[in-house]
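As structure tokens, the structure follows; a few thoughts come after it.
The values are calculated or read from the model by the stated rules, or taken from the named source; none is laboratory data. For clarity, every value in this text was computed on a predicted model and none was experimentally measured. All Cβ positions, glycine included, derive from the backbone under ideal geometry; neighbour counts span all protein chains shown. Surface areas here come from the heavy atoms of the whole protein model, side chains and all, with no ligands, DNA or RNA. Shrake-Rupley method; radii C 1.70, N 1.55, O 1.52, S 1.80 Å.
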Amino acid sequence: GWQASMKSGNLSYILPCNRLPVQLMSQVRVYTSNGQKKDPGSENANGSAPQEAPNKAGTGRQDTSNAGQKQSFIKEPIQVKVKAVLKKREYGPKYTQNNFITGVRAINEFCLKSSDLDQLRKIKRRSPHDDTETFTVYLRSDVEAKSLEVWGSPEALARERKRRKEAEIKYRENLFRNQRLLREYKEFFGNTKPRSSAAAMFFKGPGKVVMVAICINGLNFFFKLLAWVYTGSASMFSEAIHSLADTCNQALLALGISQSARTPDPSHPYGFTNMRYIASLISGVGIFMMGAGLSWYHGIIGLIHPHPIESLLWAYCILAGSLVSEGATLLVAINEIRRSAQAKGLSFYQYVVQSRDPSTNVVLLEDAAAVLSVAVAATCMGLTSLTGNPYYDSVGSLGVGTLLGTVSAFLIYTNTEALLGRSIQPEQLQRLTELLESDPVVRAIHDVKATDMGMSKVRFKAEVDFDGRVVTRSYLEKQDIELLLQEIQQVKNLEELEAFMLKHGENIIDTLGAEVDRLEKDLKQRNPDVRHVDLEIL
């Protein structure tokens, strides 16, 4: 080895290769690499002898100053603290083999049978679904080993996956073909399938309102068309077009109600609720194009090329009948909206403006516009009969078109706002926030978002800062403390400490997941409108 000696003043440092002596004045403590303390005498015999000669050769003044300095220093033992650090583990791809995998994924991804999984180790884990508390999972490494045992090699497994993928594509093509044949069969022989829940929707609530409106507006269109053919009135033509537009739009609403009842699928995990808003939006555009556009066109033509009008007696009779029928449909829609608004705790105006039920809103606004347009058409036709001036009738057609354009603009605006994903009311958001913050396990919440998905379905999202002490105490309350204390006392080295911490650390993480599930369940129970909850852990 080598030995280096350096002297600065009265402090000497000796740095051998196999031990580390620390010398402060005349006191020397030696520590070897194995942590054992050596006798200072042995060190003086080796390392301090070369240094004593120069000290003895010094003058008396130097000795006096050294003695004074020695008295000024406090002789304290030097303590060396060593921090035990766990070696950082590099997690490679093999570590993911300890991940869990469900039985469905094991069968689909590794081409196994359910009987193959019976021989594997089964592990019970906390279920992410509300209807079950626990479910069975398997180790990914066990599943991969079993697949290699069944198929012989990774190449054979890859070929089987490719074959199954091609079979799935072919199955989907055949399924589409069979569904088309089944529709043709139903059209030819009749549909003998029992009435579905979608069909039952048209016998109550918004579906009932829409079906009543379709029947009444269809009859109104037929009689108004006859009156226009008989009289040639521009206002009567606008009324006939108005009734036709209402019938087509409400048929579109019925289609939207039927499609919104479809169950969610992998392509649409949140369902088809927004189909009602889409149908209402298209209905508003249809009112603008068919109703308002044709009414304006016919009114302008009447102003440019006026022509005399025949007897309006039949037109008045048909308008009176239309007023009664449209008024009846309007009352049905008003009663339905008033009942739904009371159930939601909203006023009639708030329920309509927020477009809580787009189908009923369309019927309400269309029938209200129909009643007003009948009054406008009757007034203008009466002025034409009294004065003999056909321009009043054309002005009435323009008035009906303007009324329909206003209704269509309102429908387009409200349904577009609903489809964009607007936030819920601030009062309701505040209640959800207070519910989370009042829970002991929650320390703070950030970035809160609550989106109205349509038809009183809310999606709630928040980033939650959980109190780790409360979560840990919740875990400890379920444990045998005496047994846990015995496990702690049995820990003698780093390996046992690591095993102890990994075991209980995983259990604490499971406890945190259970707390998240509990909070989500509480939010849904106390606020039935909340259907989807996403809590992100900070």
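Among 504-515, 445-456, 474-485, how do they line up from the highest to the lowest mean number of other beta-carbon atoms within 10 Å?
For the peptides 504-515, 445-456, 474-485, the packing ranking is 445-456, 504-515, 474-485.
Could you order peptides 289-295, 326-332, 170-176 by the average number of other Cβ atoms within 10 Å of their residues, highest first?
Order by mean packing, descending: 289-295, 326-332, 170-176.
Go ahead and run the numbers for FRET between ILE169 and ASN108, Cβ-Cβ distance against an R0 of 22 Å, rounding to 0.05.
The pair ILE169/ASN108 has a calculated efficiency of 0.90.
Share of the stretch 205-420's accessible area from carbon and sulfur, percent, 1.4 Å? Numbers along the way, then the final one.
Values: 6970 of 9540 Å².
Here carbon and sulfur together make up 73 percent of the probe-accessible area.
So which of LYS344/LYS461; LYS124/LYS521; LYS165/LYS461; LYS124/LYS449 end up more than 29 Å apart by C-alpha?
LYS165/LYS461; LYS124/LYS449
In nm, give the distance between the simple-model label positions of LEU303 and CYS215, each being 7 Å from the Cα along the Cα-to-Cβ direction.
For the pair LEU303/CYS215, the computed spacing is 4.1 nm.
Can you give the accessible area per residue of the stretch 426-537, in Å², using a 1.4 Å probe? Write down the numbers at each step before the final one.
Values: 6810 Å² over 112 residues.
For the stretch 426-537, the solvent-accessible area averages 61 Å² per residue.
Just the accessible area for PHE222, please: 1.4 Å probe, Å², rounded to the nearest 10?
110
Quick one: accessible surface of TYR392, probe radius 1.4 Å, all protein chains present, in square angstrom to the nearest 10.
Counting only protein heavy atoms, the figure is 90 Å².
Could you compute the net charge surrounding ILE537? Neighbours are other residues with a C-beta less than 9 Å from the C-beta of ILE537; K and R count +1, D and E count -1.
Taking every other residue near ILE537 into account, the sum is -3.
Which order do LEU535, LEU219 take when ranked by solvent-accessible area (1.4 Å probe, heavy atoms of all protein chains), largest first?
I get LEU219, LEU535, largest accessible area first.
Percent of accessible area on the stretch 426-537 owned by carbon and sulfur, 1.4 Å probe? It would help to have the intermediate numbers written out before the result.
On the way: 3590 of 6810 Å².
Solvent-exposed carbon and sulfur of the stretch 426-537 make up 53 percent of the total.
Can you give the accessible area per residue of the stretch 205-420, in Å², using a 1.4 Å probe?
44
Using the heavy atoms of the protein chains alone and a 1.4 angstrom probe, what is the accessible area of the stretch 99-181 per residue in square angstrom? Intermediate values should be presented prior to the final figure.
Numbers: 6070 Å² over 83 residues.
Per residue, the stretch 99-181 has 73 Å² of solvent-accessible surface.
Could you sort 523-530, 280-287 so that the peptide with the highest average Cβ count within 10 Å comes first and the rest follow in order?
280-287, 523-530
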